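Notes follow once the structure below has been shown.
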Amino acid sequence: VNTEKEFTNQNEDENLEDSNGRAVWALGFLISLKNVLPATLIQKAETILNTVIPQLHTIHSTRAMAFIIKGLHYQNDEAHKYLLVTFADRLVQMYRHESVNNWFWFEHYMTYGNSVLSEAMLCAYSSTQDETYLKVAKESFNFLLSKIFRGNQLNVISNKGWYIKDQKNEHEIGGEQPIDVAYTVVALERFYRQFHLPEYKEKAIIAFNWFLGENHLNQIVYNPCTGGCYDGVEEFNVNLNQGAESTVSYLMARLSIERVIGLDFDFPDASGEMISSTQPTK
């Protein structure tokens, strides 16, 4: 949007599906907090979301669909559940098309923001109780974890080289970004809440510690002096730029890990119903 608040031609040239998906996720999550946030803010969020709902079915970007599933899960509106199911079914079809032999994923490659795909399927299960979504969520997530955890260290898929199906993939050093790490922590929290398996809690802590120096450089990525977060871990250095996305990613991960560590008490689900953290839901 330019200084005159007009949409520019860039909107016609760029793929904005991911950013639109994230917006739906943010709106849905905000609406889920209607018991603690001002009514005017909730009404504005609902108005915006209801305006875009009729156009969302045209989105086919894999991660955008996952973001939208999360947003609709948090909104928890029966009138929009059909759209959540539409996107979840699309992801299931992608998963079935690609999953053969030792490859259990939605695409023939792993790129960025991978954890959000499995997490979205778990959100879809929570909203619908469809066992297919649960199966795909767990299979795909465990497959992803097998590729990004090496011992007691997280190494998310590097943006220097994607992980390709049916290829001998070399482990790229560097090119790790905070947003990928944050999505991993957030997904591990949700899976720990669902299955209450110690492995998910342990991996969530390992993943979060990436920000605190448990990475291949043994360098801190969160900057306690500024409250910001550096932009990533390269092969030989930390990217010292501190962008907004990286800082928000750290904060998301920080909130998630605090909840994971504190899950020795009851917590509310998206609908406000209290769930005991000591009892697995499945």
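Across segment 1-36, the number of residues qualifying as open to solvent by 100 Å² or more (accessible area, probe 1.4 Å) and of a type outside the set (Asp, Glu) comes to 10. Looking only at residues in segment 177-199 that are open to solvent by less than 60 Å² (accessible area, probe 1.4 Å) and touching an Asp or Glu at 6+ places or on another chain (Cβ under 8 Å), which one is farthest from Asp231 (Cα to Cα)? Among those that are open to solvent by less than 60 Å² (accessible area, probe 1.4 Å) and touching an Asp or Glu at 6+ places or on another chain (Cβ under 8 Å), it is Phe191. Considering segment 4-82, the qualifying helices (runs of 4 or more DSSP H), each wholly inside and each with 1 or more residues that are touching a residue at least 40 places away in the same chain (Cβ under 8 Å), run over 17-32, 62-75.
To keep it simple, each residue is scored yes or no on (1) modelled with pLDDT under 95; (2) of a type in the set (Val, Ile, Thr); (3) open to solvent by 70 Å² or more (accessible area, probe 1.4 Å).
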| site | (1), (2), (3) |
| --- | --- |
| Phe211 | no, no, no |
| Ser246 | no, no, no |
| Ser256 | no, no, no |
| Glu273 | yes, no, yes |
| Thr278 | yes, yes, yes |
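Pairing residues of segment 209-235 that are part of a loop (DSSP other than H, G, I, E, B) with residues that are modelled with pLDDT of 95 or more and of a type in the set (Ser, Thr, Tyr), at Cβ distances under 6 Å and at least 6 apart in sequence or on separate chains, gives Phe211/Tyr222; Phe211/Tyr250; Val221/Tyr230; Asp231/Ser246. Looking for whichever is among the hydrophobic types (A, V, I, L, M, F, W, C), under 19 Å from Gln177 (Cα atoms) and either at pLDDT below 95 or surrounded by 23 or more Cβ atoms within 10 Å (Cβ to Cβ) (or both) here; the options are Val100, Val116, Val136. Which one fits? Among Val100, Val116, Val136, only Val116 is among the hydrophobic types (A, V, I, L, M, F, W, C), under 19 Å from Gln177 (Cα atoms) and either at pLDDT below 95 or surrounded by 23 or more Cβ atoms within 10 Å (Cβ to Cβ) (or both). Taking the conditions (1) hydrophobic (A, V, I, L, M, F, W, C); (2) open to solvent by less than 10 Å² (accessible area, probe 1.4 Å); (3) over 22 Å from Ile164 (Cβ atoms); (4) touching an Asp or Glu at 6+ places or on another chain (Cβ under 9 Å) in turn, Ala66 satisfies each one other than (3).
The values are calculated or read from the model by the stated rules, or taken from the named source; none is laboratory data. All of these numbers come straight from a predicted model, not from anything done at the bench. Glycine gets a Cβ as well: all are built from the backbone with ideal geometry, and neighbour counts include every protein chain shown. The protein model used for the area step is the full one, side chains on, heavy atoms only, and it has no ligands, DNA or RNA in it. Shrake-Rupley method; radii C 1.70, N 1.55, O 1.52, S 1.80 Å.
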